[in-house]
1. Output the residue which, of all residues in the stretch 198-241 that are free of Cβ contacts under 8 Å to residues at least 60 places away in the same chain and surrounded by 21 or more Cβ atoms within 10 Å (Cβ to Cβ), is nearest to Leu168 (Cα to Cα).
2. Does the stretch 211-218 include one or more residues that are within 17 Å of the chain's Cα centre (by Cα) and in the same structural domain as Tyr144 (by TED's automatic domain parsing)?
3. Of all the strands (runs of 3 or more DSSP E) wholly in the stretch 103-176, which have at least 3 residues that are at pLDDT below 95 and surrounded by 13 or more Cβ atoms within 10 Å (Cβ to Cβ)?
4. So Ala95 passes all but one of these: (1) at positive phi; (2) small (Gly, Ala, Ser); (3) surrounded by fewer than 12 Cβ atoms within 10 Å (Cβ to Cβ); (4) modelled with pLDDT under 75. Which condition number does it fail?
5. For the list (1) at positive phi; (2) surrounded by 12 or more Cβ atoms within 10 Å (Cβ to Cβ); (3) free of Cβ contacts under 8 Å to residues at least 12 places away in the same chain, I need the number of the one condition that Pro32 fails.
6. Being of a type in the set (Lys, Arg) and outside any strand (DSSP E or B) is the filter; apply it to the stretch 200-246 and report the residue that is modelled with the lowest pLDDT.
7. Just need a number here: residues in the stretch 46-84 that are among the aromatic types (Phe, Trp, Tyr) and modelled with pLDDT under 85.
8. Give the residue, chosen from Ile197, Ile182, that is closer than 22 Å to Ala232 by Cβ, in contact with a strand residue (DSSP E or B) (Cβ under 6 Å, 6 or more places away or on another chain) and modelled with pLDDT under 90.
Amino acid sequence: MIPPVPSRRDAIADDLRDQIVTGRLKPGERLPSEAHLAAQYMVSTPTLRNALAVLQAEGLVEKTHGKGNFVRRPLHRITYVGGRRTPDVHRTDLAPLNVTIRTTRVRARGHLAALLKMPTGSPLTEILCLGHEDERPHSLARIYVPCDLVQAAVLCDSLPYEAVVTRLTELRPPPAEVREEISVRLPTREEASTLQISSALAVLAVTRQTADIAGRVIEAAFLVLPGDRADAVFTTHYVIDERPTKA
């Protein structure tokens, strides 16, 4: 069977990808203009832009309005650790991840009210956490806590990631149960704009519901982690019955 001939879009993306992976095009380097590349590959400008869109979706190329297309500098990956009593996000290295925090008073509505098992209109504190690596957005989390459990004033505007986790842990009762829903999807327009990512780049979306020992839901969180900088790890611990079996 004869393999299908790759389209011009895919062939161009393959060639540019190879140049990036092999180091002929360096991180931060500006690509030739779209008109120049279109002439080089003998294609129309729309076809060339479609090829660049493939690389943008893969996180290899980023387009800066008014400046052109650049080879993207690789961002450090983070790992979402789930399946345990205190799930968190941690770095795979020791470089600091700073978090900008904005707190707002909101009312429980729709899906959020259902997650928190609260009557519609109940007061909540929304904690919006935007992670940064240097000046670049890295990850996004929206955390909702009943107002009687947290005061917005106790959270600063900017903290290292580890300090944010510690502060949130101190503000609410100890969790007894964590339920997580994980999905891979395309970002909303707002998420793509906030994280400065392509709308074609898939994100890891985590919906987390945390309850205390009495069964009260004490936190609902929505995490958005771009797929080019995030992994998820889940570990299941089995209880082994070591009692001797009857003969």
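1. Checking each candidate, the answer is Thr210.
2. no
3. Working: elements: 123-133, 136-146, 158-160.
Result: 123-133, 136-146.
4. (1) is the only condition that Ala95 fails.
5. The number of the failed condition is (1).
6. First, pick out the residues of the stretch 200-246 that are of a type in the set (Lys, Arg): 208, 216, 229, 243, 246.
If we keep only those that are outside any strand (DSSP E or B) as well, we get 216, 229, 243, 246.
Numbers: Arg216: 93, Arg229: 80, Arg243: 66, Lys246: 63.
Among residues in the stretch 200-246 that are of a type in the set (Lys, Arg) and outside any strand (DSSP E or B), the one modelled with the lowest pLDDT is Lys246.
7. Initially, the stretch 46-84 is screened for residues among the aromatic types (Phe, Trp, Tyr), giving 70, 80.
Still in the running and modelled with pLDDT under 85: 80.
Adding up the residues that qualify gives 1.
8. Among Ile197, Ile182, only Ile197 is closer than 22 Å to Ala232 by Cβ, in contact with a strand residue (DSSP E or B) (Cβ under 6 Å, 6 or more places away or on another chain) and modelled with pLDDT under 90.
The values are calculated or read from the model by the stated rules, or taken from the named source; none is laboratory data. Bear in mind that the values here come from a model prediction, so they are computed numbers and not experimental data. When we count neighbours, we look across all protein chains shown, and the Cβ atoms used for this are built from the backbone with ideal geometry, even at glycine.
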